[in-house]
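The values are calculated or read from the model by the stated rules, or taken from the named source; none is laboratory data. The structure displayed is predicted, hence computed values, not measured ones. Note: ideal-geometry Cβ built from the backbone for every residue, glycine included; neighbour counts use all protein chains shown. Only protein heavy atoms, including side chains, enter the accessible area calculation; ligands, DNA and RNA are left aside. Shrake-Rupley method; radii C 1.70, N 1.55, O 1.52, S 1.80 Å.
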Amino acid sequence: MQYVQGMPQPADARRRTARTSSAPATSDAPESAAGSRAAAQRLKMRRELAAAAMELFATKGYEATTVDEIAAAAGVARRTFFRHFRSKEEAIFPDHDDTLVRAEAVLNAAPAHEHPLDTVCRGIKEVMKMYAASPAVSVERYRLTREVPTLREREIASVARYERLFTRYLLGHFDERDHHDGNDDPLLAEVAASAVVTAHNHVLRRWLRAGGQGDVEAQLDHAFAIVRETFGSNIGAGRAGAEQAPAAGQSRTGDGVLVAVARTDAPLPEVMRTIEEALRRR
């Protein structure tokens, strides 16, 4: 497996960058400020609609609440609701789109010396920040997603988006020329990305079940240390690093799917051991 410093920019991207850098700095300032204000207003409205929806779901019940009632409670017209959300299910998760953008920005701005797995761990902390910003709302949302199957399915779909983002990022730090049948890089990237997301969600669920109490930052750091110890040596030593030999427990497989089963209430070290043992058996 070969670790590379970065991905080359396409020629058209370099030309766009050159044009951008040569343009006067002041020309984009008003437009950027206007765009920032519009984004802030959009997020504010989405959160107000989500808060109104959550309150109605808590008092009337999810199934009995209508979009018209949510819009009225937020003081807006029905069409305003549908400018921001396609359904009342979507209103439960108002911040995931913006959080995904912030997580990607963390990846794009990673320092050259940082291990890519550490970068991914920092990226997913944006998700925890989203939940921790409103503990009471997050706890109530967690209760609802446990009770309403359609909300649970939407939550699972959101988790999958983060996994895809992190998998692409980790794959971008392997030498593309070395991707071939029998090469485990895609498997390692996908499993490592999944492990980071699993560790985050394990800590998040524990925090939500505790009513949003506790030092969630310290819990996350502990969980990520376990992931780093388990998978870090298989992904490279840093953007400036050289090639590494396969780790002792690393397996070589062809095309296939890895399935590891663990209890949802299992301690995180046990979950990590289960995944690692499954990799070794292949």
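Modelled label positions at Glu153 and Ala72, each set 7 Å beyond Cα in the direction of Cβ, lie 2.9 nm from each other. The candidates Thr274, Thr119, arranged from most to least accessible area with a 1.4 Å probe in the full protein assembly, appear as Thr274, Thr119.
Per-residue extension of 0.36 nm, minus the Cα-Cα distance of Ala133 and Ala105, leaves a gain of 8.2 nm for this segment. In this simple spin-label model, placing a label point 7 Å from the Cα along the Cα-to-Cβ direction at both Ser87 and Lys44 gives a separation of 3.0 nm. For a straight C-alpha distance cut-off of 22 angstrom, the lysines reachable from Lys44 (same-chain residues fewer than eight places away being disregarded) are Lys88, Lys125, Lys129.
What does the charge add up to near Glu163, with Lys and Arg as +1, Asp and Glu as -1, over the other residues with Cβ less than 14 Å from its Cβ? Taking every Cβ under 14 Å from that of Glu163, the sum is 0. Across region 34-174, the convex hull enclosing all Cα atoms gives 120 Å³ per residue.
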